[in-house]
Amino acid sequence: MSYEKPIPLKNEDNAPFWDAADRHELFLQKCHTCQQFAHPPGPACAKCGSSDLTWENLGTDIKGRVYSYVISHRPFLPGFQNDTPLVIAVIELATYPEVKMIGNILNHAIEDIHIGMEVEMTWQKINDGRSLPQWE
Amino acid sequence: MENIKNKYAIVGVGESERSKKSGTTPLHLALDAARAAIADAGLETKEIDGFMSYSENDSCPAHQLSTYLGVRPKYVKDIMGGGSSTEMLIADAIGLIETGQVNTVLIYRSMNGRSGVRMGGGGWDVNMLQNAMDGGSFLIPYGAGSPGQWFGLFATRHMHETGLTKEHLGHVCVSFYEHAQRNPKAFFYGKPLTMEAYHDTPDLSFPFNKHDFCLESDEANAIIVTSAKRAEQLPNQPAYIMGIAARQCVSHAHYWTNVDEVASDYVAKDVYKKAGVTAKDLDVASIYDCYSWVVLRQLEAYEIAKRGEVGDFVADGHLKMGGKLPSNTAGGMLSEGYTHGMNNVIEIVRQIRHDYEGSDRQVKDCEVGLCTGWAGPDIAGAMILRN
C-alpha cells in the first residue's frame, strides 16, 4: 500500500535533519555561540539569534520520555484516516531533556500512554528513500 | 509614554445575524454589523474616519466596507490574524487617535466561519500547510494539523502538573453553556449541558471532546473606539478602557517545544499595571475560549485563581452568575458563536454598560471587567474596561 500521509518537506534550514532521518540517524542543529540545541532547525538560533550553527550527530540509539501527548480519535489531516486513535506526543530526549521533539508513539495500547513513559526512537519507512523518526 | 488610562472608550458594538449558513458575503455581514454598531453609538456614519479588520483571508477589506457605508476614510487597515487581534487593533486605534491621524475607528471581524473558510480545517493541501507554517514539516507528517491538538499538548502537561482533570474542563463548558441559556442569540440557547452529558461525550482529541472545542459560525461583529472626550458627547454610556496590553509573545513559532509558558503570563502583569487594578478588582470577564482548557490556563495566568487552585475555582461555580467572576456571560465561543474573540468583547462592553439591567443576564454592580485575547500559547493580549 502506498504511503498516503504527508511526507516531510526538506528545505535549506531543515535538510540535514531529514537527510539524517532517511539514514536512520538523529542530527540536531546546535548553536556555536550559546551552545544550545536549536530544534526544530532554523535559519538562526532561536535562543540567541546567532547564525553560527552546526549539526551534531546523536546517532541511532535515541531514548526519550513522554513530556506531553494528545490522542486524536479523528483524522485532522488527509492520509490519517486509518491511523486513529493517533498518539501525538512531545518527547524530551533522555540525554538532553531541553530538546523536545514531536512524534507519534507507535505500537503501544492507548491506555498505557502516560507522561514520563520511556520511549525509543524508531524510523518508519515511508518509501525507498525516505523515513520518518518515530517513537515506540 | 502618555498614560491613556480612561482616555479612550468603546462607544458602540454591533453584530450581524449569526448562522451556520449565511447565504451571503462577508461584506454584507460586515455592513450589517457596522450599521448596528454605529446606531448603538449614536454616531453619524461619516464621523467614522478609521476602519480596521482582521481576518484569515476570509473577510472583506476595510476600504470596501467604508466605501459601501458611504464614507471616505482617512485610514484603513487589514491585518492577518485571529485571536487577540481585537485588543491589538483597539490599541492601534488609540495610538492613531492619540497622534491625530483619526478620531473614531470602527473595528470589525466578518466571516462565513462555518459555510465558508473553516478554522477547524478540512480540505487543506498538506504540503501548503508544511510550507506555510514555520516548522510545519515537524508537525504535519505526524498528523498534528489542528489547534485542538497543538493546544492539547499544553493542556495534558498542565493538567498533569496542576491536578486539573476532565471534570474541570467540563465545568468551564457547563458554566458557559448555562450562560447561553439566557442568550436567545446563542447557538446553544435551549441546549444546556450537564456534567454527565459532558463525560459521556467521546473525545475528539484527548483531552478534548467536542464541548471543549469552540463553535463555528457565519457572522460579523463590529466595535467603535473613540476618545473619552467624544464619548461623553454621545447619547449612551461608554465602556472606558482602563488599560490595554496590545500583544505579547513568548518563544517563537515552534511554541510546542516549550509547553510550560504562555504569552498570557506576560500580558497579565502588563495589563494590570497599566489599568492600576489587580485580579481582585474584577467584577466580570470575557476570557478567550477557543478551547475550555485555554480558559483554565488564563485563570492561572491572570491570577484569578492560584496555580493548583483553578480547578476548585471553576468547580465551585465562580464562572457562573453569582460566582466570584462571572465570565463569558453570553456563552462565549464554546456556546454562543465564534468570531475570533470579538463576540466576547461585545458582551463585556454590554455588561460594563449595564445594558441588561433588570434582567437575570446582568452581572450585578459590575464596574470593572477583564477581556482577554489568545492567538495561541505564543501570542496574547488583554484589556480592562470600566463603567
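Every number in this text was worked out from the coordinates using simple rules, so none of it is lab data. Please read all numbers here as calculations on a predicted model, not as lab measurements. Note: ideal-geometry Cβ built from the backbone for every residue, glycine included; neighbour counts use all protein chains shown.
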Cut-off under 29 Å on the C-alpha distance; same-chain residues fewer than 8 positions from A:Lys125 excluded. Which lysines are left, in chain and number order? A:Lys5, A:Lys10, A:Lys30, A:Lys63, A:Lys100
Just the C-alpha atoms of region B:118-230: what Rg/Rh do they give, with Rh taken as the Kirkwood radius? 1.07
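Within chain B, which whole H helices from DSSP have a Cα span along their axis of at least 18 Å and a mean Kyte-Doolittle hydropathy of -0.5 or more, if any?
Answer set is B:26-41, B:85-98, B:166-180.
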Estimated FRET transfer efficiency (B:Arg72, B:Asn127; beta-carbon r; R0 45 Å; 0.05): 0.55
Where the centroid of each part is defined by its Cα atoms, how far is region B:127-142 from region B:1-23 in Å? 34
Gyration tensor (alpha-carbon) shape descriptor, the protein assembly as shown, a/c threshold 1.5: prolate
Cα-based Rg / Dmax (Å) for region B:261-331: 11.6, 31
Looks like region B:101-178, by Cα gyration tensor root eigenvalues a ≥ b ≥ c and the a/c under 1.5 rounded cutoff (else prolate when a/b is bigger than b/c, oblate otherwise), is oblate
How big is the dipole moment of region B:171-292 about its Cα centre under a simple scheme where the beta carbon of each Lys and Arg is +1, that of each Asp and Glu is -1, and everything else is neutral? Debye, nearest 20, please. 660
If you average the sequence gap of Cα pairs under 8 Å that are 6 or more apart and divide by the length of chain A, what percent do you get for the contact order? 23
Gain in length, B:Glu196 to B:Glu261, computed as 0.36 nm per residue apart minus the alpha-carbon separation, to one decimal in nm? 20.2 nm
Footprinting exposure proxy for B:Glu178, B:Glu261 (fewest neighbouring C-beta atoms within 10 Å first): B:Glu261, B:Glu178
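Can you give the mean number of other chain Cβ atoms that lie within 10 Å of the Cβ atoms in peptide A:125-133?
1
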Just counting partner chain Cβ atoms within 10 Å, what average do the residues of peptide B:337-349 show around their Cβ? 0
Using only the Cα atoms, work out Rg/Rh for chain B, with Rh taken as the Kirkwood radius, to two decimals. 0.94
Give the long-range amide H neighbours of B:Ser205: residues separated by 5 or more places, or on another chain, with amide H under 5 Å away, using H modelled in the peptide plane at 1.01 Å from N. A:His73
Before rounding to the nearest 500, sum -39500 (n - 2.57) across all DSSP H runs of length at least 4 in chain A and divide by the residue total; then give [θ] at 222 nm in deg cm²/dmol. -1500 deg cm²/dmol
Need the list of lysines near B:Lys5 for cross-linking: C-alpha distance under 19 angstrom, and skip anything on the same chain fewer than eight residues off. B:Lys229, B:Lys269, B:Lys273, B:Lys274, B:Lys280
Kirkwood hydrodynamic radius over Cα pairs of region A:11-60, then Stokes diffusion coefficient at 4 °C and 1.567 mPa s, in µm²/s: 121
For chain B, what is the mean residue ellipticity at 222 nm derived from helices alone (per DSSP H run of n ≥ 4: -39500 (n - 2.57); sum divided by total residues; nearest 500 deg cm²/dmol)? -9500 deg cm²/dmol
Name the lysines eligible as straight-distance cross-link partners of B:Lys21: C-alpha to C-alpha under 25 Å, and not fewer than 8 places from it in the same chain. B:Lys185, B:Lys191, B:Lys210
If each of B:His160 and A:Asn107 carries a label point 7 Å out from its Cα toward its Cβ, how far apart are those two points in nm? 2.2
Sequence ranges B:285-291, B:320-326, ranked by mean other-Cβ count within 10 angstrom, highest first: B:285-291, B:320-326
Row for region A:33-136, column shape: gyration tensor on C-alpha, a ≥ b ≥ c, rounded if a/c < 1.5 i.e. under 1.5, prolate if a/b over b/c, else oblate; value prolate
